[in-house]
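Reading through the structure tokens given below for one structure.
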Amino acid sequence: MNAEIVVLPSPAAVAEALADRTARALRAALDAQPRVTLCLTGGSTPAPAYERLGGAEDVDWGRVHVFWGDERCVPKDHPESNYALAKRTLLDRAGIPDSNVHRMPGECPPDEGAVIYEQALAQFFGDEVRFDVLHLGMGDDGHTASLFPGSPALSETGRRVVHTTAPASAAVRDRLTLTFPVLDGARLCLVAAHGEAKRPAFGDVLDAYDGETDGPPIAYVAPKGALVWLVDRTLSQGTADD
Ligand code: 6PG
């Protein structure tokens, strides 16, 4: 796997790098296209990055369309909603028009919500979904989006959006998630992760990149464009890239 791994000194530096690299990539894409697409992640890692990104200079947010890689099956104002996270940190601060916000319908029955989002992607992209910028995170178990270890969704190649179930420890178990073929269409995939709890999974990813093991779900993300990991030192200490 041809991944660039950037080791940063702190979680704050990871957030800054995620925001700044995203803003730079969006500006470059906007120079060449009438509209661009940004696919957001959820969880806690992106919040400070999205607050910084929302204040980025010289991004024509009126031409940026926002999607999600996954969503918890909850109402859009629920504290666990990935949309709610983005709305309070990025969408409102950047002034992204509602017509540019393509929210996963977490409030719907999950299988119905998956079909609705599948239709929304087809209407916007047509045959091939290609995000200009894709954000991903990584769970302690190496999941990404809501593609969890052992899930049948890991081998899904037909559908673009599926209903998955998070482990029992998750606050919200029913999820909607994009599948690998969609994630792999990204022109630039930025993976942001930090914290000691994720170090074993990150080590497994590096072993998978070296061909030594199969690796956790995120090791299977193979974007057509660039793949850049933004990690902090606690994550990379003791791994091959330290
Ligand atoms: C979600 C995310 C998920 C997240 C990881 C890491 O909906 O939770 O899409 O894939 O990126 O679970 O979460 P943290 O950033 O909270 O560690």
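The values are calculated or read from the model by the stated rules, or taken from the named source; none is laboratory data. Worth saying up front: this structure is predicted, and the values here are computed from it rather than measured. Reconstructed Cβ throughout: ideal geometry from the backbone, glycine too, with neighbour counts over all protein chains shown. These area figures cover heavy atoms from the full protein model, side chains too; ligands, DNA and RNA do not enter into them. Shrake-Rupley method; radii C 1.70, N 1.55, O 1.52, S 1.80 Å.
Some notes on this structure:
- Among (1) surrounded by fewer than 17 Cβ atoms within 10 Å (Cβ to Cβ); (2) in contact (Cβ under 8 Å) with a residue 60 or more places away in the chain, the one test that residue 77 misses: (2)
- Taking the criterion of being charged (D, E, K, R), away from the ligand (no atom under 16 Å from the Cβ) and not in a loop (DSSP other than H, G, I, E, B), the only residue of segment 51-86 that qualifies is 63.
- Tallying residues that are hydrophobic (A, V, I, L, M, F, W, C), within 15 Å of the ligand (Cβ to nearest atom) and without any contact (Cβ under 8 Å) to a residue 24 or more places away in the chain within segment 1-50 yields 0.
- Pairs with Cβ under 8 Å, 6+ apart, first in segment 128-144 and within 11 Å of the ligand (Cβ to nearest atom), second part of a strand (DSSP E or B) and among the polar types (S, T, N, Q): 136/144; 137/144; 138/144
- Among the residues making up segment 142-155, those that are crowded, with 19+ Cβ neighbours inside 10 Å, part of a loop (DSSP other than H, G, I, E, B) and of a type outside the set (S, T, N, Q) are 142, 143, 145, 148.
- Flag if residue 120 is among the small types (Gly, Ala, Ser) and either free of Cβ contacts under 8 Å to residues at least 12 places away in the same chain or within 16 Å of the ligand (Cβ to nearest atom) (or both): no
- Given (1) farther than 30 Å from residue 33 by Cβ; (2) out of contact with any Lys or Arg (no Cβ under 9 Å at 6 or more places or on another chain); (3) assigned to a helix (DSSP H, G or I), number of the condition residue 218 does not satisfy: (1)
- Reported count of residues in segment 188-230, each being within 22 Å of residue 69 (Cα to Cα) and not aliphatic (A, V, I, L, M), is 13.
- Candidate set from segment 173-202 (those that are assigned to a loop (DSSP other than H, G, I, E, B) and open to solvent by 10 Å² or more (accessible area, probe 1.4 Å)); member that is farthest from the ligand (Cβ to nearest atom): 187
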